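> My questions all concern the structure below.
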Amino acid sequence: MGLSPMAARAACGCSSAALAFFGSRPLRRAGRRPAAAFAWGQSSPYGGCRSRLAHSLVDSVLDELRSRRRVRVSAKIGLQGTKELSDNKIDKRALQKGLLLEFQKDSQRSLLAVVERPDGKKNWMVTDQNGILSSIKPQQVTYVVPGVMNFDASRIDEFLEKAQDLLDPTVLECAWMELSEKDKSIMVEEFAEIVYGNKESLESYCAHFLLSRDIVYFVKVESRDCSMYQPRSPPQVEELLRRKRAKEEAEKELEEFVHLVKSAKALPMESKPPKSSWLLDEKVRQKIEALQAYAVDACDDEQRRLAGNILKAMGFTRTSSAALKLLINVGYFPAHVNLDLFKYDVRTMYTEEVLSAAEELLVGRPDSDMHIRKDLSTLKVYAIDVDEADELDDALSAIRLPDGRIKVWIHVADPTCMIKPRGIIDREAMHRGTSIFLPTATFPMFPERLAMNVMSLQQGKQCKSVSVSVTLHPDGSIAEYTLENSVIKPTYMLTYESATELLYMSLEEEEELRILQEASSICAQWRRSQGSIDTAMIEPRIKVSNPDDPEPNINLYVEDQANPAMQLVSEMMVLCGEAVAAFGADNNLPLPYRGHPQCNTAVSAFSHLPDGPARSFANISVLRAAEMDFQKPVPHGILGIPGYVQFTSPIRRYVDLLAHYQVKAFLRGDSPPYSAGDLEGMTFIASMHVKVARRLHSNSLRYWLLEYLRRQPKGRKYKALILKFVKDRMAVLLLVEVGMQVTTIVSRGKVGDEVSVAVDTAHPRDDILSIREVLRCNVTVVCSSAVTAVTFWCR
């Protein structure tokens, strides 16, 4: 391709590099040439050069082009010039059969096409470069290639291949440097004449292609007659280049990350890289954490954009479930990951500062209450809890007094002998609010080495405690009580199951356990006489072993709160809370008093329901919200007692710990560390975290119950108790063998009746459970010798 006469005259004396730029040799398809290949003078900060010519080559070409103002016209089809056809003001008359044009297919693509025929009043049928015939609107046309008539659509690929040899974006930089000095705008055919030496069809299209896709050097401006491209200012170009480089770097990092993810995804499960390996490099960590935040719907705008780009590059939909699946497939998350831990930003670890403070307590633990501790180590002490309990807060003792009355002790672990109000460990406990118990893990309120060792009651060892002793009247009411610092030596560590067995065995040597059961029985009778409400239900408890495995072991326990040992412990905990409330009232001590107003519905309203879960469920459904007071006791209508303070779990619940601070200070003769206002504020902070912990426990328990049901044999039948009818025959049921409440339609029965159901579908990750009733059909079969009734299970 040779120079035009105009370009040749202007280029006299120009360097060979400039001649190359203006068309003395083809601009090839190869990769980006070094800037020097297109330089015709001094280097610039942008990689191009400044012209040293007295009269610029570009000026020469532009002057001659604009002096002529030629418009190419095809006499045969009345084809308008580029000036008229490239300004986005195309109308029906401008388009003719056989034109080669570019149109906007969608927001991402522009295609070349040949005009075939009109389609209605305004639209045109075109055949695009992929051979697809479609209808387009004039507004979709972005460029009409000039000088082309009766173009054959089969030659579009050939045209595009030739264009590729001329498309070199580096020419934009050199042209911009020259034009920006003069602040001159340029038309497409002028740019083609400058760059390629002519403005024929192919060259004009290439000029349009480069200018229309450029986002750095030129900006399109509309005039009345045509579209022009104006060079941007140097500061704008500098900023756009910076952004471009940053984008290219980000795209390169994304490409590398996607390659890394695909490699990890292809590995077998046992060979996946550990989670820690994804966190070593800052850029990799940023991307993997963006995916994590996206998976739990807790991402900011930047994380959402980044995660969306990763998922798109991987060929996935931009959904949280797709992000989760990807993280599981690369081994970053186990298959049964608990997303709530990330969603609610749960504190599962302790800072080095807190751990260091805990270690200091382990080294030296001075007990400021030692001089007032009562030695109760000769008492037989029973600690009863679930078998997987790691933190043992409370234990029980009982004797029968010479006058026949029963005296019981509720011994409560004494963590406040180690930690002080407002200290670093205390503040950490307040911001946790409670220990979190999940089927897969426990996250203690205190550092583990404190909570599960020195703070807990331990069998056969001298343990510091706060002992609440209560002497009962024969009717179960409190005759007298004392609170004192003590030392005990737990005799037995029992599970509820083993304690129940001992109660049934009624061993003579375990008389104290029988006395405790008798005490709990008369206390329960007393509370019922005071209007207490029975809320005992069947509750599930799950322990998951090796939870990171794809198929972990699931151990399901169904706890009946009417179990003798559970009732015994529950009554003693209530008795302790009542005694502490009385202690606070008698001594005008600010405490977190908990109450519950009486229900508007009388207990007798549900007396027609069978005793057990059905009646308890009805009672719970009409309960009113709990109340708190920090100066005086509030009647507790559900428990049927005049006041109540949670006191028996200071290792697990922060509100209990607050009560211990107040009581312990009084026993030492000191002023209480907190006022009623202080207690209210701190209780509010702790209660917010307690709500999150309850939600975590509830969600996790349901997930593993669904996983348990998913694994059961298809068609297995379950006994279910009707608890309530929601609408018509839609009922809330209790799966007796699972301890789980479900909803389905039943065809028969009333509240309290038992029906049979089966699980159709259980998807724990999607929280889907489909239950159906299984009907029992009685069919009479007549045989020659006898008439036989046969029972079939029907859907």
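> Residues of the range 738-748 being closer than 18 Å to Ile538 by Cβ and not in a strand (DSSP E or B), which ones?
Val738, Gly739
> Would you mention how many residues in the range 139-177 are outside any loop (DSSP other than H, G, I, E, B), touching a residue at least 60 places away in the same chain (Cβ under 8 Å) and either over 24 Å from Gln96 (Cα atoms) or open to solvent by less than 10 Å² (accessible area, probe 1.4 Å) (or both)?
Residues of the range 139-177 outside any loop (DSSP other than H, G, I, E, B): 139-144, 153-164, 170-177.
From what is left, the residues that are touching a residue at least 60 places away in the same chain (Cβ under 8 Å) are 142-144, 164, 170-171, 173-177.
Imposing the further condition that a residue be either over 24 Å from Gln96 (Cα atoms) or open to solvent by less than 10 Å² (accessible area, probe 1.4 Å) (or both) reduces the set to 143-144, 164, 170-171, 173-177.
Total satisfying the criteria: 10.
> Check Ser616 against each of (1) surrounded by 17 or more Cβ atoms within 10 Å (Cβ to Cβ); (2) of a type in the set (Ser, Thr, Tyr); (3) more than 38 Å from the chain's Cα centre (by Cα) and name the one condition it does not meet.
Condition (3) is where Ser616 drops out.
> Same structure, new question: Considering only the range 705-715, I want to know if a residue exists there that is buried (at least 21 other Cβ atoms within 10 Å of the Cβ), modelled with pLDDT of 95 or more, out of contact with any strand residue (DSSP E or B) (no Cβ under 9 Å at 6 or more places or on another chain) and assigned to a helix (DSSP H, G or I).
No; the residues of the range 705-715 include none that is buried (at least 21 other Cβ atoms within 10 Å of the Cβ), modelled with pLDDT of 95 or more, out of contact with any strand residue (DSSP E or B) (no Cβ under 9 Å at 6 or more places or on another chain) and assigned to a helix (DSSP H, G or I).
Here's the yes/no breakdown for (1) surrounded by fewer than 19 Cβ atoms within 10 Å (Cβ to Cβ); (2) part of a strand (DSSP E or B):
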| site | (1), (2) |
| --- | --- |
| Ser467 | no, yes |
| Gly476 | no, no |
| Glu480 | yes, yes |
| Met493 | no, yes |
| Glu510 | yes, no |
| Ala519 | no, no |
| Gln525 | yes, no |
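> Which of the residues belonging to the range 303-326 are open to solvent by less than 70 Å² (accessible area, probe 1.4 Å), of a type in the set (S, T, N, Q) and over 15 Å from Lys343 (Cβ atoms)?
Selection gives Asn309, Thr319.
> Scan the range 356-375 and tell me whether some residue there is open to solvent by less than 40 Å² (accessible area, probe 1.4 Å), within 15 Å of Val468 (Cα to Cα) and in contact with a strand residue (DSSP E or B) (Cβ under 8 Å, 6 or more places away or on another chain).
Checked against the condition, which is being open to solvent by less than 40 Å² (accessible area, probe 1.4 Å), within 15 Å of Val468 (Cα to Cα) and in contact with a strand residue (DSSP E or B) (Cβ under 8 Å, 6 or more places away or on another chain), the range 356-375 yields at least one hit.
> Please tell me if Ala676 is open to solvent by 10 Å² or more (accessible area, probe 1.4 Å), small (Gly, Ala, Ser) and modelled with pLDDT under 95.
The answer is no for Ala676.
> Taking Leu658 as the residue in question, decide whether it is surrounded by fewer than 20 Cβ atoms within 10 Å (Cβ to Cβ), in contact with a helix residue (DSSP H, G or I) (Cβ under 8 Å, 6 or more places away or on another chain) and of a type in the set (A, V, I, L, M, F, W, C).
no
> Which one of these does Asp300 not meet: (1) farther than 30 Å from Glu448 by Cβ; (2) at pLDDT below 95; (3) open to solvent by less than 50 Å² (accessible area, probe 1.4 Å)?
(3)
> State the number of residues belonging to the range 328-341 that are touching a helix residue (DSSP H, G or I) at 6+ places or on another chain (Cβ under 6 Å) and either assigned to a helix (DSSP H, G or I) or closer than 17 Å to Leu279 by Cβ (or both).
5
> Right, here's the next one. If Ile288 passes every condition in (1) open to solvent by less than 90 Å² (accessible area, probe 1.4 Å); (2) outside any helix (DSSP H, G or I) but one, which one does it miss?
Against the list (1) open to solvent by less than 90 Å² (accessible area, probe 1.4 Å); (2) outside any helix (DSSP H, G or I), Ile288 comes up short only on (2).
> Next up: With the checklist (1) without any contact (Cβ under 8 Å) to a residue 12 or more places away in the chain; (2) of a type outside the set (Lys, Arg); (3) open to solvent by 90 Å² or more (accessible area, probe 1.4 Å) in hand, flag the one item Met269 doesn't pass.
Result: Met269 fails condition (1) only.
> Residue pairs, Cβ under 7 Å, 6 or more apart or interchain, first in the range 615-627 and within 16 Å of Lys750 (Cβ to Cβ) and outside any loop (DSSP other than H, G, I, E, B), second at pLDDT 85 or above and not hydrophobic (A, V, I, L, M, F, W, C). List them.
Qualifying pairs under 7 Å: Arg615/Asp534; Phe617/Lys724.
> Go through the range 207-245 and give me each residue that's closer than 26 Å to Ala307 by Cα and among the aliphatic types (A, V, I, L, M).
Ile215, Leu240, Leu241
> Of all residues in the range 305-320, count the ones that are out of contact with any helix residue (DSSP H, G or I) (no Cβ under 6 Å at 6 or more places or on another chain) and free of Cβ contacts under 8 Å to residues at least 12 places away in the same chain.
Residues flagged as out of contact with any helix residue (DSSP H, G or I) (no Cβ under 6 Å at 6 or more places or on another chain) and free of Cβ contacts under 8 Å to residues at least 12 places away in the same chain within the range 305-320 amount to 5.
> Only one of Pro633, Pro550, Pro610, Pro590 is surrounded by fewer than 20 Cβ atoms within 10 Å (Cβ to Cβ) and either out of contact with any Gly (no Cβ under 9 Å at 6 or more places or on another chain) or modelled with pLDDT of 95 or more (or both); which?
None of the others qualify; the one that does is Pro550.
> Here's something else I'd like to know. Answer yes or no as to whether Gly131 is in a loop (DSSP other than H, G, I, E, B), touching a helix residue (DSSP H, G or I) at 6+ places or on another chain (Cβ under 7 Å) and open to solvent by 30 Å² or more (accessible area, probe 1.4 Å).
Answer is no for this residue.
Conditions (1) modelled with pLDDT under 95; (2) out of contact with any Asp or Glu (no Cβ under 6 Å at 6 or more places or on another chain); (3) not in a helix (DSSP H, G or I), marked per residue:
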position	(1), (2), (3)
Leu734	no, yes, yes
Ser770	no, no, yes
Val781	yes, yes, yes
Ser784	yes, yes, yes
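> Further question on the same structure: For Ser747, work out the one condition from (1) modelled with pLDDT of 95 or more; (2) open to solvent by 60 Å² or more (accessible area, probe 1.4 Å) it doesn't fulfil.
Going through the list (1) modelled with pLDDT of 95 or more; (2) open to solvent by 60 Å² or more (accessible area, probe 1.4 Å), Ser747 breaks only (1).
> Further, regarding this structure: Name the residues in the range 385-400 that are assigned to a strand (DSSP E or B) and open to solvent by 10 Å² or more (accessible area, probe 1.4 Å), would you?
Scanning the range 385-400 gives Asp385, Asp394, Ile399, Arg400.
> Would you check if there is a residue in the range 246-255 being more than 22 Å from Leu311 (Cβ to Cβ), part of a helix (DSSP H, G or I) and open to solvent by less than 80 Å² (accessible area, probe 1.4 Å)?
No, there is no match, as no residue in the range 246-255 is more than 22 Å from Leu311 (Cβ to Cβ), part of a helix (DSSP H, G or I) and open to solvent by less than 80 Å² (accessible area, probe 1.4 Å).
> Sticking with this one: Which is more than 22 Å from Leu111 (Cα to Cα), of a type in the set (S, T, N, Q), exposed (fewer than 15 other Cβ atoms within 10 Å of the Cβ) and out of contact with any Leu (no Cβ under 8 Å at 6 or more places or on another chain), of Ser223, Ser180? Outline the logic, then answer.
Working: Ser180 fails: exposed (fewer than 15 other Cβ atoms within 10 Å of the Cβ).
So the residue among Ser223, Ser180 that is more than 22 Å from Leu111 (Cα to Cα), of a type in the set (S, T, N, Q), exposed (fewer than 15 other Cβ atoms within 10 Å of the Cβ) and out of contact with any Leu (no Cβ under 8 Å at 6 or more places or on another chain) is Ser223.
> Only one residue in Ser134, Ser110 is touching a strand residue (DSSP E or B) at 6+ places or on another chain (Cβ under 8 Å) and free of Cβ contacts under 8 Å to residues at least 24 places away in the same chain. Which one? Please lay out each step first, then the result.
Values: Ser110 fails: free of Cβ contacts under 8 Å to residues at least 24 places away in the same chain.
After applying the criteria, what remains is Ser134.
The values are calculated or read from the model by the stated rules, or taken from the named source; none is laboratory data. Quick caveat: nothing in here was measured; it's all calculated off a predicted structure. Because the Cβ atoms are built from the backbone with ideal geometry, glycine has one as well, and the counts that use them run over all protein chains shown. Ligands, DNA and RNA are stripped out before the accessible areas are found, and what is left, the full protein with its side chains, is counted by its heavy atoms. Shrake-Rupley method; radii C 1.70, N 1.55, O 1.52, S 1.80 Å.
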